[in-house]
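The structure appears below as structure tokens.
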Ligand code: DSN
């Protein structure tokens, strides 16, 4: 039986894809960890490399027919090294979680201690949360932010490092809107002879553009996803010192993964080439300008922002003074055509399912071409929707305005199913 190649081989599936494309086009995408890849990245990600097994690494594979897979992976590695200035890179992780798992496995034995950022203060599940492999396999300890400034408490970091003597300290997270001082992390790691790992998934694009300090010279291992500010396909990557290269590579394959997704490696290579272009820096600058403009509007409308503002692509809004939960805000915004997510804020008294915070990001909207004056409009939609969060008729009117507004910023105009 040969595979079908007619234009519309599966009406049911095609309908779902059309709906998703329409959702992406007609709503304002403000989930801080999402973005829109270029049409080139989309095309390479859907390429014939999906057919190829290539377990192993360039010039050392377990299957025949890998000569082009070798070329591809070597090219992707070279681009990542050039962009981030690292000694070694593994471009095979299927996601950030598997990148983190391989990083942990390469330097830790089960039962050893890790020190990561408290999830409720902006950390990530894989940095030691009890529900993740990281909390199940290792002894965990956490540092957090100061209650008064909501900035990372570097004294607490050092004190926790000295008290718990971790083998690995982890910097980075998924809801921290500020620059991180990696020197302080290096000092803490050196003090207790721990490895330092930085998970730069959220701010990798900013690092690539020189708008966020690079963790590469200071950390032993840097992990990232490729689909957030870096604007590549959904996937992961690990950058490390040469001395850890073998251990990292062995933990990705055969340690925790089988064959790499070479079509995704192709898409990563395409995205890395885009990130090496000079206009990528302008793009990243615009992300931050947009986020800061939105922050100003929210503050003017009486919202308190965690840490008082943002240095990055993300904003964490404290909704408590408006008697609103993250859950209610997320639902209301969705009805109004703005996609965002509820998020715990530091010292939150609500559960993770409800939360007192709303996380907003500007990477995806900036990709669509929105600049500061457009963020003024977006801020109006958000503020109006939150103010009238229980008024479905009002939310639906905002939804209509959002839909009209998004037409000014075409997304994948040449794409159809
Ligand atoms: N799920 C991602 C985020 O939203 O930040 C992190 O893995």
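Would the range 1-130 count as rounded, prolate or oblate if I go by the C-alpha gyration tensor, calling it rounded below 1.5 in a/c and otherwise prolate when a/b exceeds b/c, oblate otherwise? Oblate. Using equal-weight Cα scatterers in the Debye expression, the normalised intensity of the range 70-153 in log10 at q = 0.12, 0.13, 0.24 Å⁻¹ is -0.50, -0.57, -1.06. Put simply, the range 69-215 fits an ellipsoid with semi-axes of 26, 19, 14 Å; these come from the alpha carbon gyration tensor as the roots of five times its eigenvalues, largest first. Binning at 10 Å from 0, report for the range 261-355 what percent of all alpha-carbon pair distances ends up in each bin. Reading upward from the zero bin: 14, 34, 26, 21, 5. Per the Cα gyration tensor, the range 263-417 maps to an equivalent ellipsoid with semi-axes of 28, 19, 16 Å, ordered largest to smallest.
Specify the residue with the greatest mean-square fluctuation among 220, 391, 199, computed from a Gaussian network of the chain linking alpha-carbon atoms under 10 Å apart. In the Gaussian network model the winner is 391. Overall, the ratio between the Cα radius of gyration of the range 296-338 and 2.2 N^0.38 Å, rounded to two decimals, is 1.19. Computed packing ranks the peptides 57-67, 135-145 as 135-145, 57-67, most packed first, by mean other Cβ atoms within 10 Å.
Converting the Cα gyration tensor eigenvalues of the chain into ellipsoid dimensions via √(5λ) gives semi-axes, longest first, of 33, 30, 18 Å. Residues considered: 346, 278, 213. Largest GNM mean-square fluctuation over the chain, using C-alpha springs under 10 Å, is found at 278. With both labels modelled 7 Å from their Cα along Cα-to-Cβ, the residue 63 to residue 139 distance reads 4.3 nm. Listed peptides 40-46, 237-243 appear in the order 237-243, 40-46 once ranked by packing, highest mean of other Cβ atoms within 10 Å at the front. Starting from one equal scatterer on each C-alpha and no solvent at all, send me the Debye-based log10 I(q)/I(0) for the range 187-243 at q = 0.22, 0.24 Å⁻¹, two decimals. So the normalised log intensities work out to -0.83, -0.93. Between residue 323 and residue 297, the C-beta separation translates, for a Förster distance of 22 Å, into a calculated FRET efficiency of about 0.65. Annotation: extensible slack from residue 256 through residue 40 equals 74.8 nm (criterion: 0.36 nm per residue apart, minus Cα-Cα distance).
If R0 equals 22 Å, the separation of the Cβ atoms of residue 246 and residue 165 corresponds to a calculated FRET efficiency of about 0.25. Translational diffusion of the range 152-194, estimated by Stokes-Einstein from the Kirkwood radius over alpha carbon pairs at 25 °C in a medium of 0.890 mPa s, is 230 µm² per second. Put a dot 7 Å past the Cα of residue 14, heading toward its Cβ, do the same for residue 304, and the two dots end up 5.4 nm apart.
Between 14, 406, 310, the residue with the greatest mean-square fluctuation in the GNM of the chain (Cα pairs under 10 Å linked by springs) is 14.
For the range 171-271, the calculated P(r) over all alpha carbon pairs, in 5 Å bins from 0 to the bin holding the longest distance, is 3, 12, 20, 22, 21, 14, 7, 2, 0 percent.
Rule-based calculations on the coordinates, nothing more; no lab input. Owing to the predicted nature of the structure, the values given are computational and were not obtained by experimental measurement. FYI the Cβ positions are ideal-geometry reconstructions off the backbone, even for glycines, and counts take in every protein chain you see.
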